[in-house]
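Okay, structure first, notes after.
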Amino acid sequence: MNIFDLTLHALHHAFKEKQISSVEATGAMLARVNALNLQINSFITVTADQAMASAEAADRHIASGNMNPLTGIPLAIKDIFLTEGIRTTCGSRILSNFVPPYSATSWEKLRERGAVLLGKLNQDEFAMGSSNESSAFGPCRNPWDTTRIPGGSSGGSAAAVAARQVTAALGTDTGGSIRQPASHCGCVGLKPTYGRVSRYGVIAYASSLDQVGPLTRDVTDCAIMLGAVAGHDPKDSTSVDTPVPDYNATLTRGVKDLKIGLPKEYLISGLDPEVQKTMDAAIETFRRLGAEFVEISLPHTDYAVATYYLIATAEASSNLARYDGVRFGHRSEQAEGLIDMMTKTRSEGFGAEVKRRIMLGTYALSSGYYDAYYVKAQKVRTLIMNDFIKAFSLVDIMLTPVAPTPAFKIGEKINDPLQMYLSDIFTIPVNLAGTCAISIPAGFSASGLPVGVQLIGRPFDEETILRAGYAFEQVTDWHKRKAAI
Amino acid sequence: MKITLADVEHVARLARLELTDGEKNLFAGQMDAIIGYVEKIRELDTEGVIPTSHAVPMENAFREDVVRSSIGVEQALGNAPQRVDTFYKVPKVIE
């Protein structure tokens with residue numbers, strides 16, 4: 001067994017038993033990062049020197065018995081999280097030289113617990129994309145088949161976990177950006193309830209939808225990571241002040257008491273046969289574990305993608321107004337006058353997908369269209385949320401596909417943004433409703449690509465989807481399979 | 001509904017983006033397809049439905065009004081593309 005093959009909890013155990021040191025583990029992971037990064041392109045920045053120094057400090061804590069489950073664990077985070085003194089690009093040319101003066105709360109919490117940062121992970125530019133192809137630092141590749149996308153926008157996070165370059169990773173999810181890449185790369189990915197994890201220091205895309213969450217090798221690791229980053233933060237006034245449970249304490253409770261909803265609108269005819277097969281097998285597995293299935297309806301599902309692409313782009317056009325070349329980031333040298341400087345800075349600094357979404361959002365907010373598009377979308381959002389509230393009065397969790405197909409080829413959808421947007425159909429409603437969901441590995445396509453399934457929970461009930469995912473893992477081995485890379 | 005080149009130019013101006021002719025043509029076609037798709041929400045009757053801006057309903061988040069330390073001027077200006085003394089420098093605003 002190689003060190004880089006160990007789960008977070010197994011590595012913690014090895015640290016505790018003094019079988020492996022954090023310096024050894026960090027060295028092994030960094031070697032793996034360097035060996036594979038040309039092929040996978042999962043890292044934008046590697047912080048090797050700082051990582052070794054953190055690992056040495058962690059080993060001193062371990063030697064003195066002062067440790068917690070994250071002490072000395074080598075991991076990496078999406079390049080959307082501000083890291084004090086470490087370049088943070090958000091996958092964009094406009095921030096290619098940006099070194100933040102402070103850190104995101106979620107990274108700060110991991111750092112305080114002794115986690116070792118290996119570097120910053122590739123992503124779609126400003127988290128806008130479903131394939132990681134919009135990154136200004138080149139596409140990230142799927143470790144299971146490097147001609148395919150890893151998913152997006154947290155593509156680097158999922159690919160680095162699947163390629164065993166990192167023990168775990170943090171990503172963000174606005175419309176599926178943790179769950180979809182987790183499904184495509186065969187790892188576990190959890191989008192917590194909106195407000196569960198602080199967004200302070202996370203570069204904003206669509207502020208009413210963005211949420212931070214872990215990507216890991218199994219559900220136990222996911223529970224550890226979520227427990228570490230969850231909680232109220234005075235610096236994020238939308239984070240919610242409810243107690244953080246011990247997510248690992250309830251993992252073994254099984255699913256015998258659970259009613260699992262199958263939303264009929266998600267089980268559409270024309271679903272990819274490989275995804276259908278995975279769903280059927282997952283239903284059978286949960287049934288064998290003792291769960292009861294109930295057919296439910298989320299009647300406004302068909303409107304979710306449209307609603308999302310109005311609300312998210314409107315918020316993005318507002319959030320991204322700050323990139324004007326005045327205080328930080330790229331500034332055009334070709335300009336004459338202030339407005340021209342801002343315009344040229346933005347035109348040179350943003351890539352095509354970011355420009356497209358800013359344009360769509362600006363259009364939706366512009367005079368004459370505001371009520372017809374933006375306010376209308378917010379009203380439909382209410383209808384979608386009500387669908388979930390009604391459904392959760394009948395069931396405890398829901399089981400659905402994550403993505404309509406396994407990972408597609410790099411370049412396949414790049415010229416057809418609408419087709420790209422529609423690939424988020426099963427993940428977007430969860431963000432609009434603000435609730436939590438997890439993608440767990442649940443099978444493989446005939447050509448060997450991972451396929452996940454999604455468990456959706458009630459708001460602030462991450463415990464139940466985690467324990468359902470854990471129960472599933474005990475009787476399946478999909479999460480143990482490793483990409484041959 | 002048809003997104004015209006003039007629409008694209010108008011929106012680009014609002015968004016402070018300068019597009020090439022190629023980008024304008026591309027975006028006109030793509031925005032037309034996307035806006036055409038999202039228009040489906042108009043089918044729904046939303047009379048009397050309250051718009052949702054945030055999934056978690058909350059009131060203002062207040063804190064005590066106390067002085068706390070913040071990052072210093074040097075750190076704040078650390079990423080400035082251009083600066084003079086303790087100021088950001090920008091092109092001349094008033095002619």
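Report the rotationally averaged projected area of the stretch A:249-342 based on its alpha-carbon convex hull, in square nanometres. Could you put the intermediate results ahead of the total?
Numbers: hull surface 48.4 nm².
Projected over every direction and averaged, the Cα hull of the stretch A:249-342 covers 12.1 nm².
Treat the count of other C-beta atoms within 10 Å as a stand-in for reagent exposure and order A:ILE149, A:ILE40, A:ILE20 from fewest to most. Before the final figure, lay out each step's value.
Values: A:ILE149 30, A:ILE40 25, A:ILE20 18.
Going from sparsest to densest Cβ surroundings: A:ILE20, A:ILE40, A:ILE149.
Divide by every residue of the protein assembly as shown the summed helix terms, -39500 (n - 2.57) for each DSSP H run of at least 4, and state the resulting mean residue ellipticity at 222 nm, rounded to the nearest 500 deg cm²/dmol. Display every interim value, and only then the final one.
Details: 18 runs with 209 residues, N = 580.
Counting only the DSSP helices, I get -11000 deg cm²/dmol.
Please report Rg (one decimal) and Dmax (integer) in Å for the Cα set of the stretch A:98-160.
Here Rg and the maximum Cα pair distance are 13.3, 38 Å.
Lys and Arg at +1, Asp and Glu at -1: add these up for the other residues within a Cβ distance under 15 Å of A:VAL229 and post the number. Please list the in-between numbers first.
Values: positive: A:LYS78, A:LYS109, A:ARG111, A:ARG113, A:LYS191, A:ARG196, A:ARG199, A:LYS235; negative: A:GLU108, A:GLU112, A:ASP173, A:ASP210, A:ASP221, A:ASP233, A:ASP236, A:ASP246, A:GLU462.
Taking every Cβ under 15 Å from that of A:VAL229, the sum is -1.
As an exercise, find the ratio Rg/Rh for the stretch A:406-485 from alpha-carbon atoms, using the Kirkwood inverse-distance average for Rh. The partial results should precede the final answer.
Details: Rg = 15.1 Å, Rh = 14.7 Å.
Looking at the stretch A:406-485, the ratio lands at 1.03.
Please list, in chain and number order, the residues 5+ apart from A:GLY119 or on another chain whose amide H is under 5 Å from its amide H, with Hs placed from the backbone.
Residues meeting the amide H criterion: A:THR47, A:ILE77.
Measure nothing but the geometry: give the 0 to 90° angle between the long axis through the Cα atoms of B:21-38 and the longest principal axis through the Cα atoms of chain B, rounded to 10°.
70
Just the Cα atoms of the stretch A:303-381, one point each, no solvent: what log10 I(q)/I(0) does Debye give at q = 0.13, 0.16, 0.18, 0.24 Å⁻¹?
Those come out to -0.45, -0.63, -0.74, -1.02, one per q.
Can you tell me which of A:79-89, A:196-206 comes out highest on packing, and rank the rest after it, using the mean Cβ neighbours within 10 Å?
A:196-206, A:79-89
Order of A:5-11, A:101-107, B:48-54, A:292-298 by packing, highest average Cβ count within 10 Å first?
Values: A:5-11: 19.9, A:101-107: 22.3, B:48-54: 13.7, A:292-298: 16.3.
Order by mean packing, descending: A:101-107, A:5-11, A:292-298, B:48-54.
Taking the stretch A:1-74, how much of its Cα-Cα pair set, in percent, is spaced more than 22 angstrom apart?
Details: 586 of 2701 pairs.
Tail of the P(r) past 22 Å holds 22 percent of the pairs.
Please provide three numbers in whole Å: the alpha-carbon extents of the stretch A:34-94 along the principal axes, with the largest listed first.
Principal axes ranked by extent give 44, 27, 20 Å for the Cα atoms.
Could I get the Rg over Rh figure for the protein assembly as shown? Both from C-alpha atoms, Rh via Kirkwood, rounded to two places. Working shown, then result.
Numbers: Rg = 23.0 Å, Rh = 24.0 Å.
For the protein assembly as shown, the value is 0.96.
Once phi is turned into ³J(HN,Hα) by the Karplus curve 6.51 cos²θ - 1.76 cosθ + 1.60 with θ = phi - 60°, what whole-Hz value does each residue of the stretch B:56-69 show in order, with x for glycine and proline?
Here the 3J(HN,Hα) series is 9, x, 8, 8, 4, 9, 8, 9, 5, 8, 10, 6, 10, 6 Hz.
Could you work out how much longer the chain between B:VAL84 and B:ASP21 gets when fully extended? Use 0.36 nm per residue separation minus the Cα distance between them, nm to one decimal. Don't skip to the answer; put the middle values down first.
Details: separation 63, 0.36 × 63 = 22.68 nm, distance 3.72 nm.
Result for the pair: 19.0 nm of gain on full extension.
Between the stretch B:1-71 and the stretch A:97-174, what is the separation of their alpha carbon centroids in Å?
Centre-to-centre (Cα) distance: 26 Å.
Expressed as a whole number of Å, what is the distance separating the alpha-carbon centroids of the stretch A:246-294 and the stretch A:407-421?
One Cα centre to the other: 28 Å.
When the Kirkwood radius is taken over all Cα pairs of the stretch A:295-339, what Stokes-Einstein diffusion coefficient follows at 37 °C and 0.692 mPa s, in µm²/s? Intermediate values should be presented prior to the final figure.
Values: Rh = 14.0 Å.
Value of D from the Cα-based Kirkwood radius: 235 µm²/s.
Given H placed 1.01 Å from N in the peptide plane, which residues other than close sequence neighbours of A:SER177 have an amide H under 5 Å from its amide H?
Counting only residues 5 or more places away or on other chains, the set is A:SER153.
Name the long-range amide H neighbours of A:SER445: under 5 Å, sequence gap of 5 or more, or other chain; modelled H, no Pro or chain starts.
A:VAL451
Going by how many other beta carbons lie within 10 Å of each one, how would you line up A:LEU75, B:LEU44, A:LEU110, A:LEU190, fewest first?
Details: A:LEU75 28, B:LEU44 16, A:LEU110 24, A:LEU190 32.
Lowest to highest Cβ neighbour count: B:LEU44, A:LEU110, A:LEU75, A:LEU190.
Working only with C-alpha atoms, what are the Rg and Dmax values of the stretch A:56-193, expressed in angstrom?
Reported Rg and Dmax, both Å: 15.0, 47.
For peptide A:311-321, how many partner chain Cβ atoms fall within 10 Å of a residue's Cβ, on average? Before the final figure, lay out the partial values.
Numbers: counts 2, 0, 2, 0, 1, 0, 3, 0, 0, 1, 2.
Mean number of neighbouring Cβ atoms from other chains: 1.
Using a Förster distance of 30 Å, how high is the FRET efficiency between A:GLU295 and A:ASP416, based on the Cβ-Cβ distance and rounded to 0.05? All intermediate terms of the calculation are to be shown ahead of the outcome.
Working: r = 33 Å, r/R0 = 1.10.
The pair A:GLU295/A:ASP416 has a calculated efficiency of 0.35.
Mind jotting down a quarter of the surface of the convex hull over the alpha carbons of the stretch A:161-221, in square nanometres, one decimal? Walk me through the intermediate numbers first.
Working: hull surface 16.9 nm².
So the mean shadow area of the Cα hull is 4.2 nm².
Taking a quarter of the surface of the convex hull around the Cα atoms of chain B, what do you get in nm²?
Details: hull surface 53.0 nm².
That works out to 13.3 nm², a quarter of the Cα hull's surface.
Quick note: the coordinates plus some simple rules give every number you see, no bench work behind them. Every value quoted in this text rests on a predicted model; they were computed, and no experiment measured them. So basically every Cβ, Gly included, is an ideal-geometry build from the backbone, and we count neighbours across all protein chains shown.
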